[in-house]
Amino acid sequence: AGMINDRRTFDTAFYRDFVIRLMKSVLAEPEFKDKYFGLSAVVGHENCTRFGYTLSSDATKTLRHSFEAAMSAQPDLINIPEWDEQNENTSLRPTVYNGLSSLRIMRYYTAKLRGQKLTPLPGDNLRVPNLILSYRKLLTLGEKLEIELLNVPDAEPSTPYTARLTLEDANGKTVHAFAPQSFTGDAMEDRTLVIPGETLAEYPAVRPKLAIEMNGRTQTFADGLHYIHLRPTWNWDYKWVKQPLRDLLQPEQVKFEVSTPAADGTRTVRANLVANEPLMYVEVLDDDDV
């Protein structure tokens, strides 16, 4: 609990400058000279208590900052606790909301630790940058909307690119445009874009849309990115979605129709999806409920 600050985000300075220094000083004592030095890193710990969450994953910052602090101390091992409980969101394994974000980040760190060449995941489309888009999927008005764009290097040489992020309402109208962000492609770097949530008060939800300009070509990503639900009052859901662009399904065609209410209030949904890859199943969701 001592490594959680008043924003419920990871206190990197406390971990690096106090906890790790204290542990190293103890292990420097003669009776501990043959002991292994182990440290931990953590993904986050969200939506597990009546208070909403214990430790925000803070986009991908909690994983990256805790792992980098541990790496800097050169321990014999680094442990990442994973309870794999859905209500705690502590898992490294792929989930719908996390995609392969943790895997992509950890592959970068392990390649650096081992002095290995950076390589993409098998099957990755290298015309799409290894960029992870993260944000809270549900906000209460008054909270800040923070959207993290994280570049994860995985190819040598790298390719520079520019990312242009906009927010649209349910009808496709642009309601906010962020300044373009340029990436060299060869550095693990994030750009966190922030606006007050209440500036979007007239919209029950907004959809992110990301245009990538790379090698003189522009690609747009919108379908497949989770919408951001905006509530005027209460909120219990503090989960971040972490969406690598290379993980997104890019359907060839999507049709979605919702009928007007019947006499009993029910509606009929008709949907059609054409994709260029095999799919096990398709779900229709109502605020993430099946």
- Task: For the stretch 164-170, just list the computed ³J(HN,Hα) in residue order, Karplus coefficients 6.51, -1.76 and 1.60, θ = phi - 60°, integers in Hz, with x standing in for Gly and Pro.
- Result: 10, 9, 10, 10, 10, 7, 5
- Query: What accessible surface, in Å², does a 1.4 Å probe find on Val269, ignoring ligands, DNA and RNA and rounding to the nearest 10?
  - Reply: 70
- Query: Taking Cα centroids, how far is the stretch 192-235 from the stretch 105-158 in Å?
  - Reply: 18
- Inter-site label distance for Glu198 and Tyr36 at 7 Å from Cα along Cβ, in nm: 5.2
- Query: Extension gain Val258-Tyr281, at 0.36 nm per residue separation less the Cα-Cα distance, in nm?
  - Reply: 6.3 nm
- Please give the net charge around Arg267, taking every other residue with its beta carbon less than 15 angstrom from that of Arg267, where Lys and Arg add +1 and Asp and Glu add -1. -4
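So for the chain, averaging the separation of alpha carbon pairs under 8 Å that are six or more residues apart and normalising by length, what relative contact order in percent results? Intermediate results must be reported in sequence, preceding the final value.
Numbers: 530 pairs, mean separation 47.0, N = 290.
Relative contact order for the chain comes out at 16 percent.
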- Query: Normalised by the residues of the stretch 177-274, what does the relative contact order come to in percent, with Cα pairs under 8 Å and at least six apart?
  - Reply: 17
- Query: Where Lys and Arg each count +1 and Asp and Glu each count -1, what net charge lies around Gln74 among other residues with Cβ under 15 Å from its Cβ?
  - Reply: +4
- For the stretch 168-252, state which chymotrypsin sites (Phe, Trp or Tyr not before Pro) are in a DSSP loop and have at most 16 other beta carbons lying within 10 Å of their beta carbon. Trp234, Trp236
- Once both label points are put 7 Å beyond Cα along the C-beta direction, the Leu113-Met23 separation in nm becomes 1.2
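If we count every other residue with Cβ under 11 angstrom of Gly172's Cβ, Lys/Arg +1 and Asp/Glu -1, where does the sum land? Provide the component values of the computation, followed by the final result.
Working: positive: Lys173, Arg207, Lys209; negative: Glu168, Asp169.
Local net charge: +1.
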- What residues qualify as long-range amide H neighbours of Glu168, i.e. H under 5 Å apart, gap of 5 or more or another chain, H built at 1.01 Å from N? Val175, Arg207, Lys209
- Message: Cut-off under 25 Å on the C-alpha distance; same-chain residues fewer than 8 positions from Lys209 excluded. Which lysines are left, in chain and number order?
- Response: Lys61, Lys137, Lys144, Lys173, Lys239, Lys242, Lys255
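In nm, what is the difference between 0.36 nm times the number of residues separating Ile80 and Val274 and their Cα-Cα distance? Display every interim value, and only then the final one.
Numbers: separation 194, 0.36 × 194 = 69.84 nm, distance 3.89 nm.
Gain on stretching Ile80 to Val274: 66.0 nm.
The values are calculated or read from the model by the stated rules, or taken from the named source; none is laboratory data. These numbers were taken from a predicted model, which means no experiment stands behind them. Quick reminder, even Gly has a Cβ in these numbers, built from the backbone with ideal geometry, and neighbours come from all protein chains shown. Only protein heavy atoms, including side chains, enter the accessible area calculation; ligands, DNA and RNA are left aside. Shrake-Rupley method; radii C 1.70, N 1.55, O 1.52, S 1.80 Å.
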